[in-house]
Amino acid sequence: MFEGGVIVPQIVYVNLNPPIAQVDPGHVDIPAFRGNDRTRYPVWLLATMLKSGLFERWYVPSVTAVAWYYEGEGGGFTYWPDGPDQSPISRPCISNSAVVGDNDYMFHRVEAVGPDERTLPKGLWEVVEQGDARARYDVEDVRVSVSWKAQVFADEEQQVLHQSHQDDLELEDVVEILLTDLAAKGTSIERPTDPLRDRSFVDALNATYRRAPTVWE
């Protein structure tokens, strides 16, 4: 997928999807930048940074492999390989298969899982909230996916640059770049004293850089 010479495995996690209607209009994963990742800053800021296109110099590419284990009804995978304004592809959920994607940029979603009525007998998976079992599902009715992510560096020099923190972005740098671009686009707002919680700042960013699928078939 990439011409990267250095692949650094980063994280593996499991998703459990019980029977559920189609609720996701399409999303991208959480990107990372030199000095800015999910361990330091909220998801909305990282997503905005990616969608703005202003931080490519600091972007750390990642690749995602997702494997599925489910033989029930539905549970397909929709993805937009040609961008959110072009028709997506719907891939059936084939158990014990996987797809590799650039999921930081490529919009994707899980399709409806289970039969239309979605009324299932008691089973072995439980959804528990504050000690109360809200739902129970048989094992075969739960769509299991395993996601593997790795950072991709063009060469060892790029990897060292990331690990040495010599070219990290600080929050004040991010805010300055965003404010400058907003002003250039005709949106001038006061510099926020608390940019991670300033509602007017967040709203201005959402209005300017929002990007989401517009075609679903």
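We did not get these values from a lab; they are worked out from the coordinates using the rules stated. Note that the structure is predicted; figures quoted are calculated from it, not measured. Virtual Cβ from ideal backbone geometry, glycine too; neighbours counted across all protein chains shown.
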TODO: Output the relative contact order of the stretch 6-209, whole-number percent, from Cα pairs under 8 angstrom with separation of 6+ residues.
DONE: 31 percent
TODO: Rounded to the nearest Å, what's the spacing between the alpha carbon centres of the stretch 41-83 and the stretch 174-197? Just the number, please.
DONE: 25 Å
Open item on the list: Please rank SER52, SER62, fewest neighbouring Cβ atoms within 10 Å first, as an exposure proxy.
Closed with: SER52, SER62
TODO: Calculate the length of the line joining the C-alpha centroid of the stretch 152-169 to that of the stretch 1-31, in whole Å.
DONE: 23 Å
Open item on the list: What FRET efficiency comes out for TYR13 versus GLU157 if R0 is 25 angstrom and r is the Cβ-Cβ distance? Round to the nearest 0.05.
Closed with: 0.25
Open item on the list: List residues of the stretch 3-39, by number, whose backbone nitrogen lies under 19 Å from a label position 7 Å along Cα→C-beta of GLU129.
Closed with: 16-24
- [ ] Return the loop-located GluC sites (Glu not before Pro) in the stretch 163-200 (DSSP other than H, G, I, E, B) with at most 12 other Cβ atoms within 10 Å of their own Cβ; answer none if there are none.
- [x] GLU170, GLU190
- [ ] With a point put 7 Å past each Cα toward its Cβ, work out how far GLU172 is from ASP194 in nm, to one decimal.
- [x] 1.9 nm
Open item on the list: Please give me the summed charge of the neighbours of TYR70: other residues whose Cβ is under 14 Å from its Cβ, Lys and Arg +1, Asp and Glu -1.
Closed with: -4
Task: Inter-label distance, nm, simple model (7 Å from Cα along the C-beta direction), ARG38/ARG211 - done: 2.0 nm
